[in-house]
Each structure stands twice: as structure tokens, then as C-alpha cells.
Amino acid sequence: MMRHLGVLGGTFDPIHSGHLDLAAAARSALALSEVVFVPSHDPPHRAADPHASAFHRFALVALAIDGHPGYRVSDRELARQGRSYTADTLDGLHAEGWAPSQLFFILGADAFAEIATWHAYPAVLDAAHFVVVARPGTTLEQALARTPDLMRRAHPAPGPADAGASTRILLVEARTREISSTMIRRRLAARQPIDGFVPAAVAQHIAAHRLYQTPSSPETLEDNPLETDLHGGNTNIQGA
Ligand code: ATP
Ligand code: MG
């Protein structure tokens, strides 16, 4: 049987239960054999994001998926020097033998709404299927509203059976929990509990290393005191 790989990129600063809902929704809608979580590289020269080091963000993903068969974490963007774009990550997978039609890049509706600003847009859409999952606050209609030209390649998941080698935008109408990393960071900075929003092992690691205790990370602020984060941590945006 042909293998189908889900790829879930993100800052994961930190990973939370909404990310796990996202992976599960895409996996079940598309019968993916595996989902690989790919934490993004630290965007250089950015004061506000990410707040935890790549080491901790990677560790938190590993802890969150421990015990989930078929979930993996990859350091491919962390190991690379400089900024990593989704287009480069997908090209790296092609070089390892994956065909675009075997790859399913998973993202929330809020992230897809920005797709036209991504590096290598629109070519990046030919590098994998794009699996867009509804997120509380952003519907699938809103995800596509800014790029009406893409409507013709968008289909409810699992999409047409005769797709062949072409890649599609596959829409998943699922309910994921209304959780964001921003909300987790705010709660931690305010000394509020995060139980129920992240897996227990993630909460333990955050507490043990006292992560996200201040509203902004002092180490990155020192590096670049005047810079603000204009792009919500999305490393795909050109020139971000
Ligand atoms: P931040 O608040 O820092 O932006 P985030 O919660 O949006 O964090 P990211 O690492 O930015 O998390 O997101 C990675 C991917 O996961 C994106 O495609 C995003 O749309 C998706 N995602 C995150 N949380 C959810 C959720 N609750 N439901 C559906 N998709 C989600
Ligand atoms: Mg986000």
C-alpha cells in the first residue's frame, strides 16, 4: 500500500492539545500512516517569538507525542542553518524519495488564510497536498476567502479518488480545542494553571524548567530590543 505522510509544521511554543487535535483530525480524515511534527527554526533577529529555545520546543513536542504510535518529531528545520521555509522542508522530503502526492502538509485555517504571503507561493502548493483543518475563530470559508483562485483545487477531505499525481487542498471540518500557544504563554506568565490545555508531561517539563514565566523572553529582548514580531511567528512569510 502506498504510504501517506502527514507533515505538521509549527513554532510549537509550546505544543498544546489543539495541535494534537489537529494531527488527529487530519490523520483520520486522510488515513495517514504517520504524522511528523516539524518544529520551526528560531527565526533570527526577532524579539518576541519564539519564547522557548529550540531545545525546549523540540523536547516538548517529543513529550507530547510519546505513546502515540505513528507520531514522530523531526529536527530537520532545527538542524538547518538559517530560516527554514515549508517549501524547503517539502523539497527535502522529495529528495528522500517522497512524491508530492504522498505528502500531506497539515495546517490550521488561520495559517492557511496567510498562504498567499508564503515563500514560494503558489509553487509550494504543488509540493504536497495541503490539509486545512478548521480552527476555532477561523472557518474553512475564511481560510480560502483571500485566495478565491484556489477554490478550484479545494475539496472536502479525502478528496476525489482519481486525483492521480496532482496535489490538492483538502478541507477538514473538525472541532479542535480552542487553545493557542499564545494563550498558554499568557497563562504561565500570569501564574495560572495550564492543566487540560497541554498533555501532563508537557506541563511537567514547563514547570521543571520554569519556561514562559515572563511575558517576553529576556534573552531575545537583549539581542534586539526594538524589534517587534509582525508576523505571528510564521517563518514562511517572505522577508519576515
Ligand atoms: P501562537 O499562538 O504562538 O501562534 P499556535 O497555537 O497558533 O501558537 P502554532 O505553532 O503557531 O500554534 O501553529 C502550528 C499549526 O497548528 C498552525 O497551522 C496552526 O493553525 C495550527 N493550530 C494550532 N492550534 C490549533 C487549534 N487549536 N486548532 C487547529 N489548528 C491549530
Ligand atoms: Mg499560530
Checklist entry - Taking the Cα atoms of segment 1-132, what is the range of coordinates along each of the three principal axes, in descending order and whole Å? => result 44, 35, 28
Item to check | DSSP bridge orientation in the chain - percent antiparallel, rounded to nearest 5 | outcome: 5 percent
Checklist outcome for this item: The correct ranking of Asp162, Asp126, Asp88, Asp13 by accessible area at 1.4 Å, largest first, is Asp162, Asp126, Asp88, Asp13
Checklist entry - Angle, helix 86-95 long axis vs. longest principal axis of the chain, Cα atoms, 0 to 90°, nearest 10? => result 60 degrees
Checklist entry - Suppose every K and R has +1 on its Cβ and every D and E has -1 on its Cβ; what is the size of the dipole of the chain about the Cα centre, in Debye to the nearest 20? => result 440 debye
Item to check | Fraction of alpha-carbon pairs over 30 Å apart in the chain - percent | outcome: 22 percent
Item to check | Structure-based [θ]222 nm, the chain - -39500 (n - 2.57) summed over DSSP H runs of at least 4, per residue, nearest 500 | outcome: -8500 deg cm²/dmol
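The values are calculated or read from the model by the stated rules, or taken from the named source; none is laboratory data. Here the structure is a predicted model, which is why all the values come from computation and not from measurement. Note: ideal-geometry Cβ built from the backbone for every residue, glycine included; neighbour counts use all protein chains shown. Ligands, DNA and RNA are stripped out before the accessible areas are found, and what is left, the full protein with its side chains, is counted by its heavy atoms. Shrake-Rupley method; radii C 1.70, N 1.55, O 1.52, S 1.80 Å.
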